[in-house]
Amino acid sequence: MSNEALSNLLHEERRFAPPAEFAAAANVTAEAYAAAEADRLAFWETQARRLHWAEPWTETLDWSDAPFAKWFVGGKLNVAYNCVDRHVEAGHGEQVAIHFEGEPGDSRSITYAELQREVSKAANALTSLGVVAGDRVAIYMPMIPETVVAMLACARIGAPHSVVFAAFAPDALRSRIDDAGAKVLITADGYNRRGSVANLKPNADAGVEGAETLEKVLVVRRTGHEVPWNAERDVWWHELVDAQSDQHTPEAFDAEHPLFILYTSGTTGKPKGILHTSGGYLTQASYTHHAVFDLKPDTDVYWCTADVGWVTGHSYIVYGPLSNRVTQVLYEGTPDTPHQGRFWENVQKYKISLLYTAPTAIRTFMKWGESIPAKFDLSSLRLLGSVGEPINPEAWIWYREFIGGGRCPIVDTWWQTETGSIMISPLPGVTETKPGSAMTPLPGISANVVEQDGTVVPNGGGGFLVLDKPWPSMLRGIWGDPQRYKDTYWSRFAEQGYYFAGDGAKKDEDGHLWLLGRVDDIMLVSGHNISTTEVESALVSHPKVAEAAVVGAKDEITGQRIVAFVILRGGNAEDEGLDDELKAHVSKALGPIAKPKQIQFVAELPKTRSGKIMRRLLKDVAEDRAIGDTTTLADSTVMDLIASKLPHAAEE
Ligand code: 6R9
């Protein structure tokens, strides 16, 4: 980004007030903003009291060693007890915690009483393998209930877990095991994906080879197919765990005891092990889930479609929801197996009322067309959530109309692995939403948009998103690398003491926040800083477009030229003249400066496993270079297809 301010091109006039009935029964009202404003720390103390503490804290926040925070100093709690046992003790043992839906259609429901027994057995099993509080456990697992049990068992005995996406290659697993110094790996024989069995165990084997700290591999049987076996190292879950006592007394750990490490890939260098601890993390994960999703534990059925290998799975499948006594659906497979209506079939089958998914999924559903969800009964839905990327206004409207039946509030939730929980989002019973805006920081959270030199931008301006006050679920550091923690997040605005999120954002005339993507992706065209998000949203607002990714490619005249990769909505062909039509459409929406020079129609876009578009790779294509590191790509064949479509790249 140059010294020029980030352009604010997109104007959105549509407004959606919360339905009166929803607002009247909402978990959290506008009061919360006032309470937090009056006394932020007292507000977070109130939220911390939603949990069970074995010992109270003596100080709410110790920020004396900034940027290393301590929240709820001296307090003690057990995270797993808070997510499971206390609900059983309160008489909810027979409530279903998890409805598991396997991709082949097998299903089972697990009550809180069963979950308590399973977590206790798994905790005893880990102890029998020599795992003690403070030891790290790696988890390389598909979307099955044992994964949740494994995470909670680790939390129960104070052994920080490090979950690695099951789709990651062995090298990625090994570098994460090594960096964390994990003692045990929990994995599975395989899982069901796109109608066939994905082999996991051979990848796990390759990943642990040469991993010096690793002692044992605990293997869940999911698919039952034959797997390679190392009798000295490998242990079957069903043999070890099932043989354990289902009684286990949870020990209370310090509020700052490490709960988990989660690696973010980053664009360069080795992955960063983001460290989260117990009391502050659970306080904010729990409160935000309660406030943003408005969970009514006795009546709602919740479904977060994220993978547990992503932070969203940690905070909004495991810790937030379970601490609030959720009944939730856990789905093993893909949205198009055995048909493109599988998500909606799940909603209908379990009468799901709260749905949390990602813009990438929504745009895929737009591509497939609205006739698919129309075949299912979606009337149980009452709230829709979005996370992972900016949601284009048109995708937001599509989500509202064709999934939410025009009646469900939408919460666009901005946060990061590093923030641990949701930071910026509407409150569904309070906020009048604008399609495409995450609106305002939640009660108790403070964020701002600043210029290069740290001065706050006025309403109507754009710049860098910063978090200017510590928050309970903030990362406590990068595992083993305190200097990198300071350099990465706290050096950019060191003078002001702001956390630099790495995202661009704008404040509209009302001061509402619009996230504009990573600052590294911002384009510089003829001296103007233009966000990829705004151009993509303008493209998606064309009725024929489902999804778009935009990059700035080197240009001799303008510095950078805008190159767009576009996926059409179902039923539309790449008619002659369509690229000119789209260019004109963008020019009309945002002004001629934002008009793409080149438009390429594609069938797929390169995405990470959490669904984020990898613009870096598209930039390689647009600049006619060899394509860079593709190891975090969800589908490695996508780039070949795209490169082969571009005339220049194909000649190489
Ligand atoms: C939860 C998660 C974090 C980055 C973040 C931003 C992007 C996430 C967003 C969003 C716009 C939203 N992001 N939610 N951008 N609107 N609602 O995604 O964590 O995988 O660490 O990614 O994702 O760029 O900085 P993580």
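Annotation: amide H-H contacts under 5 Å for Gly105 (H modelled 1.01 Å from N, sequence separation of 5 or more, or interchain): none. Note on Asp336 and Leu524: with the Förster distance fixed at 56 Å, the Cβ-Cβ geometry gives a FRET efficiency of about 0.90.
May I ask you to sort Val119, Val96 by Cβ crowding, counting other Cβ atoms within 10 Å and putting the fewest first?
Working: Val119 27, Val96 17.
Fewest-to-most Cβ neighbours within 10 Å comes out as Val96, Val119.
Grab the DSSP H runs of the chain that are 4 residues or longer, score each as -39,500 (n - 2.57), total them, divide by all residues and round the 222 nm result to the nearest 500 deg cm²/dmol. Before the final figure, lay out each step's value.
Working: 19 runs with 167 residues, N = 652.
Calculated mean residue ellipticity at 222 nm is -7000 deg cm²/dmol.
Only the Cβ atoms of Lys and Arg (+1) and of Asp and Glu (-1) were treated as charged; on that basis the dipole of the stretch 406-529 about its Cα centre amounts to roughly 300 debye.
Computed FRET efficiency, Cβ-Cβ of Lys296 and Glu556, R0 45 Å: what is it to the nearest 0.05? List each step's numbers first, then the result.
Details: r = 59 Å, r/R0 = 1.32.
Efficiency for this residue pair is about 0.15.
Taking θ as phi - 60° and the Karplus parameters 6.51, -1.76 and 1.60, the scalar couplings of the stretch 576-581 work out to 5, x, 5, 5, 5, 4 Hz in sequence order, x denoting glycine and proline.
Taking 0.36 nm per intervening residue step and subtracting the Cα-Cα distance, what contour gain separates Glu12 from Glu623 on full extension? Spell out each step's value before the answer.
On the way: separation 611, 0.36 × 611 = 219.96 nm, distance 3.25 nm.
Result for the pair: 216.7 nm of gain on full extension.
Kindly identify the stretch 542-651 as rounded, prolate or oblate by the Cα gyration tensor criterion: order the square roots of the eigenvalues as a ≥ b ≥ c, call it rounded if a/c is under 1.5, otherwise compare a/b with b/c, prolate if a/b is larger, else oblate.
Numbers: a/c = 1.68, a/b = 1.25, b/c = 1.35.
Because a/c hits 1.5 or more and a/b fails to exceed b/c, the stretch 542-651 counts as oblate.
Of the listed pairs Lys434/Lys544; Lys506/Lys595; Lys375/Lys506; Lys216/Lys612; Lys554/Lys607, which have alpha-carbon separations greater than 29 Å here? Could the numbers behind the result be given before it?
Values: Lys434/Lys544 23 Å; Lys506/Lys595 20 Å; Lys375/Lys506 39 Å; Lys216/Lys612 34 Å; Lys554/Lys607 22 Å.
In this structure, Lys375/Lys506; Lys216/Lys612 lie more than 29 Å apart at Cα.
Taking other C-beta atoms within 10 Å as the exposure proxy, His238, His289, His528 rank His238, His528, His289 from fewest upward. Between Trp229 and Glu451, the distance separating the two model label sites (each 7 Å from Cα on the Cα→Cβ line) works out to 6.8 nm.
Ordering Glu432, Glu118, Glu212 from the fewest to the most neighbouring beta carbons within 10 Å gives Glu212, Glu432, Glu118.
Taking the Cα centre as origin and putting +1 on Lys and Arg beta-carbons and -1 on Asp and Glu beta-carbons, what dipole magnitude results for the stretch 542-651, to the nearest 20 debye?
540 debye
Compute the relative contact order of the stretch 397-451 as a whole-number percentage, counting only Cα pairs closer than 8 Å that sit 6 or more residues apart in sequence. Present the calculation step by step, with values, prior to reporting the outcome.
On the way: 59 pairs, mean separation 14.5, N = 55.
Normalised by residue count, the contact order of the stretch 397-451 is 26 percent.
Kindly express, to the nearest 10 degrees and within the range 0 to 90, the angle between helix 359-368's C-alpha long axis and the longest C-alpha principal axis of the chain. Long axis of 359-368 versus the principal axis of the chain: about 60 degrees.
What is the gain in length, in nm to one decimal, between Glu94 and Ser636 on full extension, counting 0.36 nm per residue of separation less the C-alpha to C-alpha distance? Don't jump to the answer; show the numbers that get you there.
Details: separation 542, 0.36 × 542 = 195.12 nm, distance 4.38 nm.
Full extension of this stretch gives 190.7 nm more.
Among 139-145, 624-630, 597-603, sorting by the average number of other beta carbon atoms lying within 10 angstrom of each residue, highest first, gives 139-145, 597-603, 624-630.
About its Cα centre, the chain has a charge dipole of approximately 480 debye under the convention of +1 per Lys or Arg Cβ and -1 per Asp or Glu Cβ, with nothing else charged. Report the local net charge at Thr334: Lys and Arg +1, Asp and Glu -1, summed over other residues whose C-beta lies under 15 Å from its C-beta. Once all neighbours under 15 Å are counted, the net charge is -2. What FRET efficiency comes out for the pair Glu212/Ser64, r = Cβ-Cβ distance, R0 = 56 Å, nearest 0.05? Step by step, r from the Cβ atoms, then E = 0.90.
So how tilted is helix 170-180 from the main axis of the chain? Cα-based, degrees 0 to 90, rounded to 10. Tilt of helix 170-180: around 60 degrees. Between the C-alpha center of the stretch 541-616 and that of the stretch 446-498 there is a gap of 31 Å. Computed 3J(HN,Hα) for the stretch 434-442, one whole-Hz value per residue from the Karplus formula 6.51 cos²θ - 1.76 cosθ + 1.60 where θ = phi - 60°, is 10, x, x, 10, 7, 6, 9, x, 5, glycine and proline marked x.
How much net charge surrounds Phe16 when only the other residues with a Cβ under 10 Å from the Cβ of Phe16 are counted, with Lys and Arg +1 and Asp and Glu -1? Intermediate values should be presented prior to the final figure.
On the way: positive: Arg14, Arg15, Arg400, Lys434; negative: Glu432.
After counting each charged neighbour, the total is +3.
Here the contact order of the chain, divided by its residue count and restricted to Cα pairs under 8 Å and six or more residues apart, works out to 14 percent.
Which of the peptides 98-110, 540-552 is most tightly packed, and how do the rest follow, judged by the mean count of other Cβ atoms within 10 Å per residue? If you can, show how the numbers build up before the last one.
Details: 98-110: 17.2, 540-552: 23.2.
Ranking the peptides 98-110, 540-552 by packing returns 540-552, 98-110.
Dipole of the chain computed with +1 at Lys/Arg Cβ and -1 at Asp/Glu Cβ about the Cα centre; of Ile186, Thr630, Cys408, farthest Cα towards the positive end is Cys408. What separates the Cα centres of the stretch 227-246 and the stretch 3-51 is a distance of 47 Å. The stretch 325-390 and the stretch 119-166 have Cα centres spaced 29 Å apart.
Assign one of three labels to the stretch 1-144, namely rounded, prolate or oblate, based on the Cα gyration tensor with a ≥ b ≥ c the square roots of its eigenvalues; rounded applies when a/c is under 1.5, prolate when it is not and a/b is larger than b/c, and oblate otherwise. Taking the square roots of the gyration eigenvalues as a ≥ b ≥ c, the stretch 1-144 is prolate. Straightening the chain between Asp246 and Glu509 buys 88.9 nm, computed as 0.36 nm per residue apart minus the Cα-Cα spacing.
The numbers here are math on the coordinates, done by the rules we state, and not lab data. The structure presented is a predicted model; accordingly, all values stated were derived computationally and were not measured. Reconstructed Cβ throughout: ideal geometry from the backbone, glycine too, with neighbour counts over all protein chains shown.
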